[in-house]
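First the structure, in the form of structure tokens, and then the observations on it.
The values are calculated or read from the model by the stated rules, or taken from the named source; none is laboratory data. In this text, all values refer to a predicted model and were calculated from it rather than measured experimentally. Note: ideal-geometry Cβ built from the backbone for every residue, glycine included; neighbour counts use all protein chains shown.
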Amino acid sequence: MKTRILGLVALAAVIGAAINGLFLVPPDLNQGDAQRIMYVHVASAWLAYASFGVTALAGIGYLVSRDLRFDAVALAGAEVGVMFTAFAIWGGMMWGRPVWGVYWQWEDPRLTTTALLLALYVGYLLLRRLTDDPSRRAARAAVVGLIAAVDIPIVHFSVIWWRGLHQGPTIGDPSKLLHPSAPLLFVMALLAMLGAFTLVWTYLMIRRYQLARMEWRLEDAARRDRVSAARRAASASAPLRAAQPEEPAR
Amino acid sequence: MNDLRRGLSVALAIARKDGISELRGRQAAGSTIFFAALVLLLFGFALGPDSRRLAEAAPGLLWLAIVFGGLLTVARLHQLEADDGALEQLALYPVDRRAIYAGKALAGAAAMMVLGGLLLPVVAILYAIPIGAAWLPLLVAVALGAIGFAAVGTAYAGLTVRMRAREVMLPLLLLPIVAPLLLAAVKATTAALGGDPLGELGSWLQLLLAFDVIMLIVGAGTYGFLLEE
Amino acid sequence: MMDAGFVIAAYGVILAGIALYAALLVRRLRIAREALLRNNPVDEVR
């Protein structure tokens, strides 16, 4: 019930922040209306990285405690996270085309790091899908989640160094928004979107966690049924075999 | 202190065992080296015949070949034991998991250093790259890259060796992780070959070293959980 | 402005994606809840 209320509040917040970002906030002097994309792009990226952190930490929690509830949290983080990562990349591309003239820039550390983040998440989810045993799945996922999380800062720094002496994009560095000199209205719009997305994220995480727990209970029940059915079949045929006369040796 | 010494001797024993298997040739180590050289040849067909373009691309192509060879190497070092059921035995030994990891990673790193070292002359010839005085920083880059790749690769190989679709899962999981390694190694190689005009060689080697240390720590810490399946 | 298309594409896909995912989750939750209740009529499902 409380979650449902959260969901409705989140919905209202998103609608409000979107209306603000799309219509109420003025366009940027340099980037024009494309600036509006930044609000959803940055908010998505923020939550993508946060989700990743949750997955990694929950994985550690599982390895330490062997409590599968941690694994459910990790799974929720990964699935919700891969969605926000895809959004972040999409937003980045939609922003890049009008502002840079291209959909993709290798020198932008955020874009390339986020693309790698997507690859890492997808790998994580595939790994989970290919492992059936719950505790094995949780352990493998935890290791991968941890290694990937450790890798991300390394990727970020190495791409920044990679850019090195190249001039960054001249107009429209996405991080301009976070600069202390950014116009207040823009910062407020970003914070509003960030807040709304965080509410959405929380709602989705809770629901995905609940779903994981329920589906696992169903999985366990199905597995137990299969095992007992197999046992019954085995013991049912045994007395029959015993009753059959031995074949006379020739 | 005693534990450390025991751990070290276990690690060395495992590394030696793997090393001997590699050298005996039953492990197809030679085939991997040949495969990597073949990849370099094929790149020539894909990107040539303009020799200037190939020369510019050479560092990247070298490291791609090392990475592809590395994938086969780390997988191989776990595969034989998995096939024989020896991994379960290994998991039962009352020995520090980190020592087992260290031994396997050491073997993997050594194998990849050999691979990289042998590919250097191949690259020099195929892409007309004069190596000359740069051989020392190049070997350092190869060594650091090999250690880093083996550090994560050993952990992921242990993870995927008993999985369905393991042939695709290992590269799928490992390649995004080694992206910064690849980046740094290529940059270091380029800098070394060009006489390091911007003085960036040191920074890139340091990044490689940081990657190595971090991944060795994480790999050692998590390997035990993978064995205990 | 020319950029309007990109802005709409950005917001549209992202917001629709969130809505779709949420709807999918709610639907799967309902199915799971019903399945659990069928298996264990006495159990309280959380």
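Checking A:A76 against (1) touching a helix residue (DSSP H, G or I) at 6+ places or on another chain (Cβ under 7 Å); (2) of a type outside the set (F, W, Y); (3) crowded, with 17+ Cβ neighbours inside 10 Å; (4) within 9 Å of another protein chain (Cβ to nearest Cβ), only one condition comes out false. Which one?
(4)
Could you figure out which of (1) polar (S, T, N, Q); (2) under 21 Å from A:V54 (Cβ atoms); (3) more than 9 Å from every other protein chain (Cβ to nearest Cβ) isn't true of A:T131?
Of (1) polar (S, T, N, Q); (2) under 21 Å from A:V54 (Cβ atoms); (3) more than 9 Å from every other protein chain (Cβ to nearest Cβ), only one is false for A:T131: (3).
For the stretch A:202-222, indicate whether the set of residues that are more than 14 Å from chain C (Cβ to nearest Cβ) and either modelled with pLDDT of 90 or more or over 38 Å from the mean Cα position of the chain (by Cα) (or both) is non-empty.
Checked against the condition, which is being more than 14 Å from chain C (Cβ to nearest Cβ) and either modelled with pLDDT of 90 or more or over 38 Å from the mean Cα position of the chain (by Cα) (or both), the stretch A:202-222 yields no hits at all.
Those residues that are of a type outside the set (A, V, I, L, M, F, W, C) and surrounded by fewer than 22 Cβ atoms within 10 Å (Cβ to Cβ), I need them from the stretch B:109-147; list them, please.
B:G117, B:P121, B:P130, B:G132, B:P137
Report yes if some residue within the stretch B:157-164 is within 30 Å of B:Q89 (Cα to Cα), within 10 Å of another protein chain (Cβ to nearest Cβ) and of a type in the set (S, T, Y); otherwise report no.
yes
Any residue in the stretch C:3-11 that is modelled with pLDDT of 90 or more, in contact with a Ser or Thr (Cβ under 9 Å, 6 or more places away or on another chain) and at the interface with chain A (Cβ under 9 Å from one of its Cβ atoms)?
Looking through the stretch C:3-11, none of the residues is modelled with pLDDT of 90 or more, in contact with a Ser or Thr (Cβ under 9 Å, 6 or more places away or on another chain) and at the interface with chain A (Cβ under 9 Å from one of its Cβ atoms).
Among the residues in the stretch B:58-79, are any over 13 Å from the mean Cα position of the chain (by Cα), charged (D, E, K, R) and under 26 Å from B:R16 (Cα atoms)?
Scanning the stretch B:58-79, I find no residue that is over 13 Å from the mean Cα position of the chain (by Cα), charged (D, E, K, R) and under 26 Å from B:R16 (Cα atoms), so the answer is no.
Of all residues in the stretch A:100-140, how many are under 20 Å from the mean Cα position of the chain (by Cα) and assigned to a loop (DSSP other than H, G, I, E, B)?
Residues flagged as under 20 Å from the mean Cα position of the chain (by Cα) and assigned to a loop (DSSP other than H, G, I, E, B) within the stretch A:100-140 amount to 2.
Taking the options B:L119, B:L144, B:L87, B:L139, name whichever one is free of Cβ contacts under 8 Å to residues at least 24 places away in the same chain, in contact with a helix residue (DSSP H, G or I) (Cβ under 8 Å, 6 or more places away or on another chain) and in a helix (DSSP H, G or I). Break it down stepwise before answering.
On the way: B:L119 fails: free of Cβ contacts under 8 Å to residues at least 24 places away in the same chain; B:L144 fails: free of Cβ contacts under 8 Å to residues at least 24 places away in the same chain; B:L87 fails: free of Cβ contacts under 8 Å to residues at least 24 places away in the same chain.
Going through B:L119, B:L144, B:L87, B:L139 in turn, the sole match is B:L139.
Kindly indicate whether B:A210 is in contact with a Pro (Cβ under 8 Å, 6 or more places away or on another chain) and either hydrophobic (A, V, I, L, M, F, W, C) or not in a helix (DSSP H, G or I) (or both). I'd like the intermediate steps shown before the answer.
Working: in contact with a Pro (Cβ under 8 Å, 6 or more places away or on another chain): no; either hydrophobic (A, V, I, L, M, F, W, C) or not in a helix (DSSP H, G or I) (or both): yes.
When the stated conditions are applied, B:A210 does not pass them.
Which of the residues belonging to the stretch B:169-179 are within 9 Å of another protein chain (Cβ to nearest Cβ) and surrounded by fewer than 23 Cβ atoms within 10 Å (Cβ to Cβ)?
B:M169, B:L172, B:L175, B:P176, B:A179
Can you tell me which residue among B:L126, B:L136, B:L182, B:L144 is more than 11 Å from chain A (Cβ to nearest Cβ) and under 25 Å from B:G44 (Cα atoms)?
When all the criteria are applied, what remains is B:L126.
Of the residues A:V150, A:V122, A:V102, only one is more than 30 Å from A:R224 (Cβ to Cβ), at the interface with another protein chain (Cβ under 7 Å from one of its Cβ atoms) and surrounded by fewer than 20 Cβ atoms within 10 Å (Cβ to Cβ); which?
Checking each option against the conditions leaves just A:V150.
Which residues, taken from the stretch A:43-73, are surrounded by fewer than 22 Cβ atoms within 10 Å (Cβ to Cβ) and either within 11 Å of another protein chain (Cβ to nearest Cβ) or within 22 Å of A:R97 (Cα to Cα) (or both)?
A:W46, A:I60, A:L63, A:V64, A:R66
Hey, can you tell me all the residues within the stretch A:7-34 that are surrounded by 17 or more Cβ atoms within 10 Å (Cβ to Cβ) and under 25 Å from the mean Cα position of the chain (by Cα)?
A:G7, A:A10, A:L11, A:A13, A:V14, A:A17, A:A18, A:G21
Considering each residue of the stretch B:188-229, count those that are under 23 Å from B:L139 (Cβ atoms) and either without any contact (Cβ under 8 Å) to a residue 12 or more places away in the chain or more than 9 Å from chain A (Cβ to nearest Cβ) (or both), and give that number.
Count: 24.
Give me a count of the residues in the stretch B:9-51 that are modelled with pLDDT under 90 and part of a helix (DSSP H, G or I).
Qualifying residue count, the stretch B:9-51: 20.
Going residue by residue through the stretch A:22-40, is there one that turns out to be β-branched (V, I, T) and closer than 30 Å to A:W216 by Cβ?
Looking for residues that are β-branched (V, I, T) and closer than 30 Å to A:W216 by Cβ, one finds none in the stretch A:22-40, hence no.
So, in the stretch A:1-35, how many residues would count as being modelled with pLDDT of 90 or more and charged (D, E, K, R)?
1
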